[in-house]
Structures are given as structure tokens and as C-alpha cells.
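Enquirer: To start, I am sharing the structure in question, which I have written as C-alpha cells.
Derivation of every value follows stated rules applied to the coordinates shown; laboratory data play no part. Bear in mind the structure is a predicted one, so any value in this text is a computation, not a measurement. Backbone-built Cβ (ideal geometry, glycine too); neighbour counts: all protein chains shown.
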Amino acid sequence: MAGVIESSERFSQGASSSPFSVSWQKLMMWIFIVTDGLLFAGFLAAYGFSRLASPVWPDQSQVFHIGFISAMTFVLITSSATMASAVEAAQDRDRSKVIRFLVLTILGGLIFLVMQVYEWTAIIHEGARLNFNPWGVTQFGSYFFVITGFHGSHVLSGVIILAVVAARCRANKSRAEGVELAGLYWHFVDLVWVFVFTLFYLI
């Protein structure tokens, strides 16, 4: 009987952890990040192929305000720093600091989204559409709206997730791991934007 109980306890302990010495929640988050990263990589690879195959391509400096896009990038990278501070505060069990840094991260995400809406409005005002743009290369507008829009949807999802985590922290219902998982997602979103900014706006 004691052996059965001991086996049952070992099983219950094993059920709460993954084969990779991390929690199932963290493992699932990493799997999501890898698969979603591959999806972004596919978009950027398709963009690069189309650009190399096209005899002409719009000059980004003539289409975008690089200073404005750089400011967007700075805001998002700064929000990644506040997110890291929130994770550190969660590990130190400082609930007030966790909430403060989560709110700052949410604010950074919202500012980025507002700036992106402004950018989209300006591009649409210039006449750009999914299947047409005034710069002569049809694919340019398609890739712009799909890639930046897909990333923007991730930022919006991240803001919602962080708001939920902040509310749970305020109600003292969130663990440090919950903040860390949200941080993993947010850092991933920021890292993807660095690639989008470099490959789409600069090169």
C-alpha cells in the first residue's frame, strides 16, 4: 500500500513538470514563441525574396519618416526594459513595483500602437492599399500592411495580457511565473519588431 501511495505521489509530481525541467506553462510559451517566430520569419523571407526579384523597389526614406519609426522603436525597446523590471520585482515579491512596471509597459505598448495607427493613416492617405500603392510596386503595400499589421496585433494582444496580469497582481492572485510568462511574450514581440524595423524600414 505504501508503495502505491509513493508511486502515486511521484506521478502527481511528474504531472506538474515537463520533461525539460520547466513548468508546462513555460514550455508551452516557448513552443508558441518558436512557432510564431517561424511565421514572422516566413513573412520576412517572402518580403526579401520579392524585393530581390523585383527590378525596382521604393526608397524607404521617400515613403516613411525614419525618425518617427525610430521613435516607435525606442518606445517599444523601453517598454521591454520596464517589463524586465516587472519580472525582477515579481521574483522579489514586491507587488507594488510589479504593478507599477506593468502599467509603464502597458503605456509603452499603447503609445506604440497609437504611433502605428498614425503611420498607417499617413500611408493610406498617400494612396497605399493592399493591392495598390503610388510607388509603383504592388507587393510593397501588401507586405507593409500584412507584416506591420500582424505585429501590431501581437502588441495589442500583449497589452491585453499585461492588463490582465496587472489586475491579477493587484488582486494578489498572480504568481511570479505568470509575470515571467507575460514577459517572455512581450520580449518576443519587441525582438520581432527589431527585425521588422531593420529589414523593412532600414535596409
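Enquirer: Using P(r) over Cα pairs in 10 Å bins from 0, in percent as the read-out, say which of (1) 8, 30, 28, 21, 10, 2, 0; (2) 8, 31, 36, 20, 6, 1; (3) 8, 29, 28, 18, 11, 4, 2, 1 was calculated from these coordinates.
Expert: Read-out from the structure maps to (3).
Enquirer: Helix 95-125 sits at what angle to the longest principal axis of the chain, using alpha carbons and giving 0 to 90 degrees rounded to 10?
Expert: 20
Enquirer: Can you give the extra length, in nm with one decimal, that the chain gains between ASP92 and LEU156 once fully stretched, where that is 0.36 nm per residue apart less the Cα-Cα distance? Before the final figure, lay out the partial values.
Expert: Numbers: separation 64, 0.36 × 64 = 23.04 nm, distance 2.78 nm.
Extra length from ASP92 to LEU156 when fully extended: 20.3 nm.
Enquirer: Please sort 73-85, 164-176 by packing, taking for each peptide the average over its residues of neighbouring beta carbons within 10 angstrom, highest first. Display every interim value, and only then the final one.
Expert: On the way: 73-85: 18.9, 164-176: 15.1.
Ranked by mean Cβ neighbours within 10 Å, highest first: 73-85, 164-176.
Enquirer: Taking the dipole about the Cα centre of the chain, with the C-beta of Lys and Arg at +1 and of Asp and Glu at -1, give me whichever of GLY37, ALA167, LEU52 is farthest to the positive side.
Expert: Final value for the positive-end residue is ALA167.
Enquirer: For helix 2-15, what angle does its Cα long axis make with the longest principal axis of the chain, in degrees from 0 to 90 and rounded to 10?
Expert: Between helix and principal axis, roughly 20 degrees.
Enquirer: Evaluate the charge dipole of the chain about its Cα centre and quote only its size in Debye, nearest 20, assuming +1 on the Cβ of each Lys and Arg and -1 on the Cβ of each Asp and Glu.
Expert: Working: 12 positive and 12 negative charges, 85 e Å.
The dipole magnitude comes to about 400 debye.
Enquirer: Note the angle between two axes, namely the Cα long axis of helix 176-196 and the longest principal axis of the Cα atoms of the chain, as a number of degrees from 0 to 90, rounded to the nearest 10.
Expert: 20
Enquirer: Let me ask another. With label points built 7 Å along Cα→Cβ from the Cα atoms of SER61 and VAL114, find their separation and express it in nm.
Expert: 3.1
Enquirer: For a quick check of your reading of the filter: which GluC sites (Glu not before Pro) in the range 64-153 sit in a DSSP loop and have no more than 15 other Cβ atoms within 10 Å? All intermediate terms of the calculation are to be shown ahead of the outcome.
Expert: Numbers: sites: GLU88, GLU119, GLU126; in loops: GLU126.
Qualifying residues, ordered by number: GLU126.
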